[in-house]
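What follows draws every value from the coordinates through simple rules; no lab data is involved. It should be emphasised that the depicted structure is a prediction, and the values quoted were computed from it without experimental measurement. We place every Cβ from the backbone using ideal geometry, glycine too, and count neighbours over all the protein chains shown.
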């Protein structure tokens, strides 16, 4: 998997890509991350990449020409795969979207800055826009890192145990249930006995039940899109009755 990042601040990526699984994946050639400074494609002695908006208003707008030249340069050398603008106006980034992107062999991420980008960038130069949430950041660099991390985890060989990816929150449409490790007891807080039983079927059933419980109590909106069996719906009714008793 190859990522090409168009940014005005490539240094923002230095530390995250030199730590943990991302570093290991880069070192092993599982993912390849390349940076292209948009300022290098700006014209004039001062390499200006922003200008005041037509019609007035506050803030500055990222110019279309440097971004177009950068994308043209990438296209001329290697061709383009899918090109994405990181923007608060984009569609929400979800696990499903990460899975879709993981099917590509190359992704180009354009990091917006300033008040916004010239509309001609989004209309003519990119394939789609992604937002990581309903809030505004200083630029698209941190969202780009999130996209890289989420997509890379789905690339074969990135995670040592592929089962951990398959049971991630949102992958099944539900939140993951709770996890425990040693010690069995800490400050009087005990690990649930079923996890110590060695009974695989009971453990699986408990984990699924707690996954349903966590989803209905924290993110009930996810249940509208989750694939639920009749047994799941019966479990949910029982869980909701239990929770109602606890809060009564």
Under the helix-only model (-39500 (n - 2.57) for each DSSP H run of 4 or more, divided by the residues of the chain), the mean residue ellipticity at 222 nm, to 500 deg cm²/dmol, is -11000 deg cm²/dmol
Residue separation between residue 51 and residue 245 times 0.36 nm, minus their alpha-carbon distance, gives in nm 63.9 nm
For the chain, the longest principal axis of the Cα atoms and the Cα long axis of helix 141-152 enclose an angle in degrees, to the nearest 10, of 50
Rounded to the nearest 10 degrees, the helix 64-78 long axis (Cα) sits at an angle to the longest Cα principal axis of the chain of 80
Relative contact order as a percentage, the chain, C-alpha pairs under 8 Å and 6+ apart, gives 18
If R0 = 41 Å, then residue 185 and residue 15, at their Cβ-Cβ distance, give a FRET efficiency to the nearest 0.05 of 0.65
Here D for region 181-248, in µm²/s, from Stokes-Einstein with a Kirkwood Rh over Cα pairs at 20 °C and 1.002 mPa s, works out to 157
Averaged over all viewing directions, the convex hull of the alpha carbons in the chain casts a projected area in nm² of 19.0
Rounded to the nearest whole number, the per residue volume of the convex hull around the C-alpha atoms of region 115-231 in Å³ is 202
Here the equivalent ellipsoid of region 4-52, derived from its Cα gyration tensor, has semi-axes (largest first, whole Å) of 29, 10, 7
proj_area_mean for region 30-169 (convex hull on C-alpha atoms), units nm², value 9.6
Rounded to the nearest Å, the spacing of the alpha-carbon centers of region 59-86 and region 191-248 is 46
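Using 0.36 nm per residue of separation minus the Cα-Cα distance, give me the extension gain between residue 238 and residue 123 in nm, one decimal.
In short, 36.4 nm is gained.
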Measuring from the longest principal axis of the C-alpha atoms of the chain, the long axis of helix 230-247 (C-alpha) lies at a number of degrees, nearest 10, equal to 80
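What is the gain in length, in nm to one decimal, between residue 89 and residue 138 on full extension, counting 0.36 nm per residue of separation less the C-alpha to C-alpha distance?
Values: separation 49, 0.36 × 49 = 17.64 nm, distance 1.39 nm.
Contour length minus the Cα-Cα distance gives 16.3 nm.
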Within region 38-52, the residues whose backbone N lies under 15 Å from a label point placed 7 Å from the Cα of residue 115 along the Cα-to-Cβ direction are 50-52
Mean-square fluctuation maximum in Gaussian network of the chain, Cα pairs under 10 Å, restricted to 205, 119, 185, hits 185
Under a Gaussian network model of the chain whose springs join Cα atoms within less than 10 Å, the largest fluctuation of 136, 147, 194 belongs to 194
